[in-house]
Amino acid sequence: MQAEIPFHLENFIGGNFIGPLSGQFIDNFDPSTGEVSGKIPDSNEKDVAVAVEVAQKAFKTWSVTPLEKRFTILNRIADLIDENLELLARAETNDNGKPLWLSRKIDIPRASANFRFFATGIMHFAAESHQMENTAINYTLRQPIGVVGCISPWNLPLYLFTWKIAPALAAGNCVIAKPSEVTPVTAFLLARIAKEAGLPDGVLNILHGTGPVTGEAIVTHPAIKAISFTGSTRAGARIASVAAPVFKKLSLELGGKNPNIIFEDCDWEKMMNTTMQSSFANQGQICLCGSRILVQSSIYEKFKTEFVARAKALAVGDPLDEKTKQGAIVSKMHFDKVMGCIEKAKEEGGTILCGGNAVKPSGRCANGWFIEPTVIEGLGPNTVSNQEEIFGPVVTLQTFNTEEEALQLANATQYGLAASIWTTDLSRAHRVGAQTESGIIWINCWLLRDLRTPFGGLKNSGVGREGGWEALRFFTEPKNICVQL
Ligand code: NAD
């Protein structure tokens, strides 16, 4: 694949790379240097309308393309992602600020895994039949929906973009997709890969632009019948308010304020190593990060001392440096938001045990947006700091005495995405797991993912589930056919 990335990115519509109809572009920044690294199309409803028209045409053929052929093309996309690992990983790191080793190890391999998984999945996807003794037989057809919209965030750019696009395409839909305007480059490169892999023109269309303009144009277009969205609860609520009255199918994967519940009988070393990751991986900018750490009182002082020492030792700096553990915060706007949350925590009476400051690395990254890993104690469950998503390298510590208290604290938020529970008591693990109000529970682990499992949140963390058959069911319409015998 062509490795050079143009300064002005283009939309991918009907198999062609084209600029926005308005001729307007917006700046894209490298967060590790604070410099403009490129421009992206400021697409509007006119660009979306053109894309929908070509997608509708392409749907006539793609929806009846044999599964084996879809499988071959999607698998080829996966292969090409693997072949271009280094190019994609560098693009992701330059856009997002995450350490390059992390892009190489997690983000890009997962993007190819998504395509490979759903390419194979569609070959095994079956529908139900229901026999009524000697009276009738019902069978259910699972038909592709048509043109669908996929909108994704900046924290795991290609990883989450492909998590939607792969099942949508596998199921026979045509897609209008929009990556985050903050991290557009790997989506642009994916368009090149799709073309090279032989995906027919118009089947996948990738448009760039902002949420309120491009995103909203996708959500409101009457011919787009389903929206798969991952992002903030605020934007999810807005999308639901627009799409629900016109009865679009909606999958919403939203924010979290995840508890990490640590009992005194945990496997200490394993818990400590994993809790460092679940707190600070990707600069804490993973929807699944455990931002509220709940520790049993009997081990609190020991936990605090070791955890803070380890957080202080995390190397913050140039994402291209192999030794860096913490890269840049994704944008100036988000940097300001996270720093504002730290100030708020201080106002609320929290004690900053470590971190709390911006970092100014020397050299290339002197003007980038970096924040020290920050640990805060002394805040109650109802403070803003323990209620609202911060989405940065910031965690709070709270204590509990009993299992009941742990559950009360864990469930004391509007969110319900993920939770980790650390205990060697098997019965307690099952009990607490069943009663914690989260869609994803990890016992003695974190971010251990099997792509077949349902993925998503309760409460204000979302509606619907992604992953495995759930995704293929979302991207198809069931139609029951009843035949009287
Ligand atoms: P965001 O909501 O600001 O933006 C997400 C995407 O939606 C972007 O592409 C954006 O341009 C678009 N968008 C924004 N407003 C829109 C609108 N009105 N109509 C249509 N599209 C719109 O979120 P973000 O800041 O990019 O990402 C961080 C958030 O995403 C956090 O809240 C995080 O928890 C959440 N997240 C959730 C999951 C999950 O699986 N539940 C995964 C990753 C991130």
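The values are calculated or read from the model by the stated rules, or taken from the named source; none is laboratory data. The shown structure was predicted, so the numbers you read here are calculated from the model rather than taken from an experiment. Using ideal geometry, Cβ is built from the backbone for each residue, glycine included, and neighbour counts are taken over all protein chains shown.
Can you tell me which residue among Ser427, Ser420, Ser438 is under 14 Å from Lys459 (Cα atoms) and not basic (Lys, Arg)?
Residue meeting the stated conditions: Ser438.
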Conditions (1) more than 22 Å from the chain's Cα centre (by Cα); (2) modelled with pLDDT of 95 or more; (3) of a type outside the set (Val, Ile, Thr); number of the one not met by Glu133:
(2)
Residue under question is Asn75, and the condition is that it be touching a residue at least 60 places away in the same chain (Cβ under 8 Å), of a type outside the set (Lys, Arg) and outside the structural domain of Ile329 (by TED's automatic domain parsing); does it hold?
no
Quickly run through the stretch 120-157 and pick out the residues that are at negative phi and part of a loop (DSSP other than H, G, I, E, B).
Phe125, Ala126, Ala127, Glu128, Asn134, Thr135, Ile145, Ser152, Pro153, Trp154, Asn155, Leu156
Condition set in contact with a Pro (Cβ under 6 Å, 6 or more places away or on another chain) and not in a helix (DSSP H, G or I), scope the stretch 180-199, selection nearest to the ligand (Cβ to nearest atom): answer is Ser180
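State all residues of the stretch 231-287 that are of a type in the set (Lys, Arg), within 16 Å of the ligand (Cβ to nearest atom) and either touching a residue at least 60 places away in the same chain (Cβ under 8 Å) or under 21 Å from Pro381 (Cα atoms) (or both); if no residue qualifies, say none. I'd like the intermediate steps shown before the answer.
Narrowing the stretch 231-287 to residues of a type in the set (Lys, Arg): 234, 238, 248-249, 257, 270.
Of the ones still in play, those that are also within 16 Å of the ligand (Cβ to nearest atom) are 234, 238, 248-249, 257.
Listed by number, the residues that qualify are Lys249, Lys257.
To keep it simple, each residue is scored yes or no on (1) modelled with pLDDT of 95 or more; (2) in contact with a Gly (Cβ under 6 Å, 6 or more places away or on another chain); (3) of a type outside the set (Asp, Glu); (4) not assigned by TED's automatic domain parsing to the domain that holds Pro109.
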site	(1), (2), (3), (4)
Asp425	yes, no, no, yes
Arg428	yes, no, yes, yes
Gly433	yes, no, yes, yes
Trp442	yes, no, yes, yes
Gly456	yes, yes, yes, yes
Trp469	yes, no, yes, no
Options Ser385, Ser362; residue that is in contact with a helix residue (DSSP H, G or I) (Cβ under 8 Å, 6 or more places away or on another chain) and polar (S, T, N, Q)
Ser385
Output for the stretch 266-289, where each listed residue is assigned to a loop (DSSP other than H, G, I, E, B) and within 17 Å of Glu372 (Cα to Cα)
Gln285, Ile286, Cys289
Filter the stretch 363-393 down to the residues that are in a strand (DSSP E or B) and over 16 Å from Leu294 (Cβ atoms) and list them by number.
Phe370, Ile371, Thr374
Give me a count of the residues in the stretch 200-230 that are within 9 Å of the ligand (Cβ to nearest atom) and at positive phi.
1
Determine whether Gly355 is crowded, with 17+ Cβ neighbours inside 10 Å, touching a strand residue (DSSP E or B) at 6+ places or on another chain (Cβ under 6 Å) and over 20 Å from Gly97 (Cα atoms).
no
Considering only the stretch 213-246, state which residues are assigned to a helix (DSSP H, G or I) and under 30 Å from Ile81 (Cα atoms).
Val213, Thr214, Gly215, Glu216, Ala217, Ile218, Val219, Ala235, Gly236
Checked against (1) in contact with an Asp or Glu (Cβ under 8 Å, 6 or more places away or on another chain); (2) part of a strand (DSSP E or B), Ser22 satisfies every condition except (2)
Out of Ala91, Ala78, Ala3, report the one residue that is more than 22 Å from Val213 (Cβ to Cβ) and outside any helix (DSSP H, G or I).
Ala3
